[in-house]
1. Consider only pairs whose beta carbons are under 8 Å apart and that are at least six residues apart or on different chains; among these, list those whose first residue lies in segment 54-73 and is on the phi > 0 side of the Ramachandran plot and whose second residue is surrounded by 10 or more Cβ atoms within 10 Å (Cβ to Cβ) and not acidic (Asp, Glu).
2. How many residues are modelled with pLDDT of 70 or more, of a type in the set (Lys, Arg) and outside any loop (DSSP other than H, G, I, E, B) when one looks only at segment 40-64?
3. Go through segment 95-128 residue by residue and tally those that are among the small types (Gly, Ala, Ser) and either farther than 17 Å from GLN70 by Cα or in contact with a His (Cβ under 8 Å, 6 or more places away or on another chain) (or both).
4. Exactly one of (1) in contact with a Gly (Cβ under 9 Å, 6 or more places away or on another chain); (2) surrounded by 17 or more Cβ atoms within 10 Å (Cβ to Cβ) is unmet by LEU72. Its number?
5. Among the helices (runs of 4 or more DSSP H) confined wholly to segment 65-160, which include 1 or more residues that are at pLDDT below 75?
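The values are calculated or read from the model by the stated rules, or taken from the named source; none is laboratory data. In this text, all values refer to a predicted model and were calculated from it rather than measured experimentally. Because the Cβ atoms are built from the backbone with ideal geometry, glycine has one as well, and the counts that use them run over all protein chains shown.
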Amino acid sequence: MKSLRAILSISLAVSVIVAPAFAASTTTHRTSSATTHARSARTHTKGKAKSHKLHGQQAIDPERATQIQQALIREHYMTGEANGQWDSTTQAAMQKYQADQGWQTRLMPDSRALVKLGLGPDYSTAINARDVVTAPVPAAGSTTPATETSGFAAAAGVNR
């Protein structure tokens with residue numbers, strides 16, 4: 001009986017020691033980078049397609065569109081009445097205004113264009129409002145002084 005117990009305990013000890021060695025052995029396959037790339041491309045396309053989340057401003061509020069249209073009308077980039085719709089006429093006027101300033105011409109207004117049109121942010125309620133310098137809002141029907149329209153040379157007083 002003792003010998004049977006000894007044989008069982010020795011065989012159990014051997015199997016405990018040898019079993020992990022057999023389980024850990026794997027075969028390695030060499031694959032080219034093209035094969036690896038093809039496999040990874042297949043694995044990325046499987047499964048559920050992710051939905052694309054839109055970022056940034058998607059539409060312009062009608063009240064803001066009215067303000068922008070009024071400013072573009074004041075600057076002679078649009079004619080007629082402001083209707084509060086961000087339509088193709090308004091988009092074309094804003095693109096022309098931004099292009100004339102040498103800025104990008106995206107469909108959404110550039111922040112510099114809004115500031116120059118007098119529609120920038122209102123900092124009057126800020127903690128340091130007395131220290132903030134903002135561009136004055138041009139009065140309706142105001143004209144640009146001749147020194148500004150005649151170019152840098154005239155404004156600087158340089159004779160040609």
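1. Filtered contacts from segment 54-73: GLY56/MET108.
2. 1
3. 4
4. Unmet condition: (1).
5. 146-149, 152-156
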